[in-house]
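One structure is given here, and the rest of the page talks about it.
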Amino acid sequence: MVGTLDGSLIGDSDTVVEDAPGTTGWQHSAPAPDMAHRRAAPLPRVNILGVGVMPLDLAQAVETLDGWRRDGRRDYVCCVSVHGVVTAQRDPAVRRALNGAGLATQDGMPLVWWSRRAGYANTGRACGPDLMEAICAVSAARGYRHYFYGGSPIVIERLVTRLKQRHPGLCVAGHRSPPFRKLTDAEDAADVAAINAAQADFVWVGLGMPKQEKWIAAHVGRIDATALLGVGAAFDFHAGATPRAPIWMQRTGTEWLFRLASEPRRLARRYLIDNSIFVLRAAQQLAGLKSYSVD
């Protein structure tokens with residue numbers, strides 16, 4: 001089963017492989033072996049409570065991913081939020097996953113403000129839903145292939161349908177709604193094989209924080225795709241299953257209030273407790289009273 005933002009739990013579903021390579025006039029080409037895991041010069045990071053966040057805006061994130069595809073790079077993306085930073089304080093595996101990402105974007109405005117204070121005046125927000133939309137918008141022209149992994153069967157079907165309607169020519173190589181429970185080794189191997197058979201450039205993972213971060217970190221060497229991208233609520237937002245805050249709230253750092261009002265029982269701890277922890281520890285780090293290492 002998988003849990004969605006509307007609180008539903010859905011059982012196992014089959015993998016769906018859609019557009020096969022070559023059916024749209026474009027042939028996926030695997031990179032040469034010596035290019036498969038090549039890393040370019042590391043992007044700058046801002047240390048926020050021991051999590052190295054990259055001060056890029058949305059356009060820079062899109063072009064970074066396009067560069068990975070051209071270079072045959074295989075890596076993963078984490079969209080880091082305040083919730084993610086605080087979760088990393090409790091769970092070393094999450095901290096390692098976030099700090100090991102080839103691209104760790106700023107999902108929340110507090111992280112953007114911190115990066116600007118650190119000297120990156122032109123940085124901006126690059127959250128999961130916006131990154132998905134921006135990549136899909138240029139996909140037809142650039143020949144990108146996509147695979148979607150996560151969400152409930154209903155949500156993922158709506159997600160794919162709506163994205164194709166908004167972006168004519170979008171190539172969806174396949175999608176899969178995995179069960180909510182822990183997969184067996186055989187099930188996991190079957191999912192990896194199905195994703196690789198689809199020959200996708202971008203594998204979008206919507207399993208929720210922190211499950212998706214651990215999943216992509218564990219699978220980056222096994223899945224042959226340019227990027228595995230953990231985007232969480234993007235599936236529900238783009239599927240129309242959950243409303244998103246108005247633009248002005250997204251830009252002013254108050255989107256969390258909208259989400260809390262929409263789902264108070266599920267999100268109360270995340271926003272009321274985790275946000276308070278973040279504010280306290282951020283004040284300590286900025287005042288020089290406490291230091292954190294990015295490991």
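The values are calculated or read from the model by the stated rules, or taken from the named source; none is laboratory data. Owing to the predicted nature of the structure, the values given are computational and were not obtained by experimental measurement. In this analysis, Cβ positions are derived from the backbone assuming ideal geometry, glycine residues included, and neighbour counts consider all displayed protein chains.
Kindly provide the set of residues from region 110-155 that are in a helix (DSSP H, G or I), under 15 Å from LEU170 (Cβ atoms) and more than 16 Å from the chain's Cα centre (by Cα), ordered by number.
ALA137, SER139, ALA140, ALA141, ARG142
Could you check region 79-108 and list, in sequence order, the residues that are assigned to a helix (DSSP H, G or I), among the polar types (S, T, N, Q) and under 20 Å from ALA234 (Cα atoms)? Can you show your working first?
So in region 79-108, the residues assigned to a helix (DSSP H, G or I) come out as 82-90, 92-100.
Subsequent filtering for residues that are among the polar types (S, T, N, Q) retains 87, 89, 99.
If the condition is that a residue be assigned to a helix (DSSP H, G or I), among the polar types (S, T, N, Q) and under 20 Å from ALA234 (Cα atoms), then THR87 is the only one that fits.
Identify, by number, the condition in (1) at pLDDT 95 or above; (2) touching a Phe, Trp or Tyr at 6+ places or on another chain (Cβ under 7 Å) that MET1 doesn't meet.
(1)
For region 193-293, give me every one of the helices (runs of 4 or more DSSP H) that falls completely inside it and has 1 or more residues that are surrounded by fewer than 16 Cβ atoms within 10 Å (Cβ to Cβ). Please lay out each step first, then the result.
Numbers: elements: 211-219, 234-239, 247-251, 255-262, 264-268, 275-286.
Of the helices (runs of 4 or more DSSP H) lying wholly inside region 193-293, those with at least 1 residues that are surrounded by fewer than 16 Cβ atoms within 10 Å (Cβ to Cβ) span 211-219, 247-251, 255-262, 264-268, 275-286.
Take ASP57 and tell me if it is charged (D, E, K, R) and within 14 Å of GLY108 (Cα to Cα). Talk me through it step by step, then tell me what you get.
Numbers: charged (D, E, K, R): yes; within 14 Å of GLY108 (Cα to Cα): yes.
Taking the combined requirement at face value, the residue satisfies it.
ALA101 - would you say it is closer than 18 Å to VAL294 by Cβ, buried (at least 19 other Cβ atoms within 10 Å of the Cβ) and of a type in the set (A, V, I, L, M, F, W, C)? Don't jump to the end; show me each part of the working.
Numbers: closer than 18 Å to VAL294 by Cβ: yes; buried (at least 19 other Cβ atoms within 10 Å of the Cβ): yes; of a type in the set (A, V, I, L, M, F, W, C): yes.
Yes.
Restrict the check to region 277-286 and report whether at least one residue is in contact with a helix residue (DSSP H, G or I) (Cβ under 6 Å, 6 or more places away or on another chain) and either within 30 Å of ALA189 (Cβ to Cβ) or touching a residue at least 40 places away in the same chain (Cβ under 8 Å) (or both).
Step one: filter region 277-286 for residues in contact with a helix residue (DSSP H, G or I) (Cβ under 6 Å, 6 or more places away or on another chain), giving 277-278.
Pick out the ones that are also either within 30 Å of ALA189 (Cβ to Cβ) or touching a residue at least 40 places away in the same chain (Cβ under 8 Å) (or both) and you get 277-278.
Yes, region 277-286 contains a residue that is in contact with a helix residue (DSSP H, G or I) (Cβ under 6 Å, 6 or more places away or on another chain) and either within 30 Å of ALA189 (Cβ to Cβ) or touching a residue at least 40 places away in the same chain (Cβ under 8 Å) (or both).
Would you confirm, using the coordinates I've provided, whether ARG158 is assigned to a helix (DSSP H, G or I), in contact with a Gly (Cβ under 9 Å, 6 or more places away or on another chain) and surrounded by fewer than 22 Cβ atoms within 10 Å (Cβ to Cβ)? Quick ask: steps written out before the conclusion?
Values: assigned to a helix (DSSP H, G or I): yes; in contact with a Gly (Cβ under 9 Å, 6 or more places away or on another chain): yes; surrounded by fewer than 22 Cβ atoms within 10 Å (Cβ to Cβ): yes.
Criteria met by ARG158.
Find the residue count for region 181-231, including only residues that are in contact with a strand residue (DSSP E or B) (Cβ under 7 Å, 6 or more places away or on another chain) and acidic (Asp, Glu).
Final tally of qualifying residues: 3.
Taking the criterion of being at pLDDT 95 or above, over 23 Å from PRO153 (Cα atoms), of a type in the set (Val, Ile, Thr) and in contact with an Asp or Glu (Cβ under 9 Å, 6 or more places away or on another chain), would at least one residue in region 212-221 satisfy it? Give the steps one after another, and end with the answer.
Keep residues of region 212-221 that are at pLDDT 95 or above, which gives 212-220.
Next cut, over 23 Å from PRO153 (Cα atoms) only: 217-218, 220.
Subset that is of a type in the set (Val, Ile, Thr): 220.
From the residues that got through so far, the ones that are in contact with an Asp or Glu (Cβ under 9 Å, 6 or more places away or on another chain) too are 220.
Taking every residue of region 212-221 in turn, at least one turns out to be at pLDDT 95 or above, over 23 Å from PRO153 (Cα atoms), of a type in the set (Val, Ile, Thr) and in contact with an Asp or Glu (Cβ under 9 Å, 6 or more places away or on another chain).
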